[in-house]
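Q: Structure below; questions to follow.
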Amino acid sequence: MGIYDDLSLIPPMVKEALRYRSPAQVLRRKVVQDTEIGGQHLQNKDYCQEIV
């Protein structure tokens with residue numbers, strides 16, 4: 001079964017395509033609780049960048 005067989009799949013497919021191929025390749029996020037990622041300590045209210 002594919003998108004041609006079920007047209008209700010088009011809206012989620014478009015959203016996923018836009019998310020995956022977004023012009024924004026770097027996303028800035030605010031840390032909401034103290035955490036550690038990859039050995040880096042992030043404190044609440046710090047900012048980090050996510051590269052997609």
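The values are calculated or read from the model by the stated rules, or taken from the named source; none is laboratory data. These numbers come from a predicted model, not from an experiment. We place every Cβ from the backbone using ideal geometry, glycine too, and count neighbours over all the protein chains shown.
Q: Which one is modelled with the lowest pLDDT, of the residues in the range 1-22 that are surrounded by 10 or more Cβ atoms within 10 Å (Cβ to Cβ) and in a loop (DSSP other than H, G, I, E, B)?
A: Filtering first and then ranking leaves 22.
Q: Given the residues 33, 25, which is the only one that is at pLDDT 80 or above and not small (Gly, Ala, Ser)? Walk me through it before giving the result.
A: On the way: 25 fails: at pLDDT 80 or above.
Selected residue: 33, the only one of 33, 25 that is at pLDDT 80 or above and not small (Gly, Ala, Ser).
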